[in-house]
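Shown next, in structure tokens, is the structure this report addresses.
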Amino acid sequence: SAIFLDADSRVAVLPPIGAFPTGLAVLPVVRKSIAAHLEACGPWRLPAFEELARDLTGNSDVLRDARWCHETLIAVTKDGNEGQFFRAWDRAADLMLRRGVHSGEGGVIGLAAACAGWATDYEALARLDPFIRHEGGGPKEG
């Protein structure tokens, strides 16, 4: 497993972690589809995400099913599809930066997970949530 902790997250002493399920596990901060989250928080980003979804998957409809993956803490555990996940994340981050969109990493991660064929596991890290404080907020306006 590889664990990603966002740079503006602070961690208290953690309990023993144990093994993670294969694929992607994220803190249960946001439990919405990418489309639903963008509708509520930053709808100005939707055109960029539609373009990104078409580039990665050929269709923007994936935004209704792919899950928003809050970037505070994620765990990626090998199952053979991790290469697809990291390639899609890399490509997506590059495309968003070129468009000037510097907000929405949770949607980028969610689209990368969809490209890898992964469901988003909101339960595996849930017990760690009380020990992690995300100080971010990031830009939410264009």
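For the reader, a short list of remarks on this structure follows.
- Within region 69-89, if we keep just the residues that are in contact with a helix residue (DSSP H, G or I) (Cβ under 7 Å, 6 or more places away or on another chain) and part of a loop (DSSP other than H, G, I, E, B), the residue that is farthest from Glu123 (Cα to Cα) turns out to be Glu71.
- When region 102-118 is filtered for residues that are in a loop (DSSP other than H, G, I, E, B), open to solvent by 10 Å² or more (accessible area, probe 1.4 Å) and either at pLDDT 95 or above or within 15 Å of Asp90 (Cβ to Cβ) (or both), the ones remaining, listed by number, are Gly117, Trp118.
- Every residue from region 84-99 that is open to solvent by 30 Å² or more (accessible area, probe 1.4 Å) and either more than 12 Å from Ala48 (Cα to Cα) or charged (D, E, K, R) (or both): Gln84, Phe86, Arg87, Trp89, Asp90, Arg91, Asp94, Arg98, Arg99
- Among residues of region 68-91 that are aromatic (Phe, Trp, Tyr), those with a beta-carbon under 9 Å from a residue that is modelled with pLDDT under 95 and open to solvent by 60 Å² or more (accessible area, probe 1.4 Å) at least six positions away or on a different chain give the pairs Trp68/Val29; Trp68/Arg31.
- Number of positions in region 6-39 that are at pLDDT 90 or above, surrounded by 15 or more Cβ atoms within 10 Å (Cβ to Cβ) and charged (D, E, K, R): 1
The values are calculated or read from the model by the stated rules, or taken from the named source; none is laboratory data. Source: prediction; values computed, not measured. Quick reminder, even Gly has a Cβ in these numbers, built from the backbone with ideal geometry, and neighbours come from all protein chains shown. The protein model used for the area step is the full one, side chains on, heavy atoms only, and it has no ligands, DNA or RNA in it. Shrake-Rupley method; radii C 1.70, N 1.55, O 1.52, S 1.80 Å.
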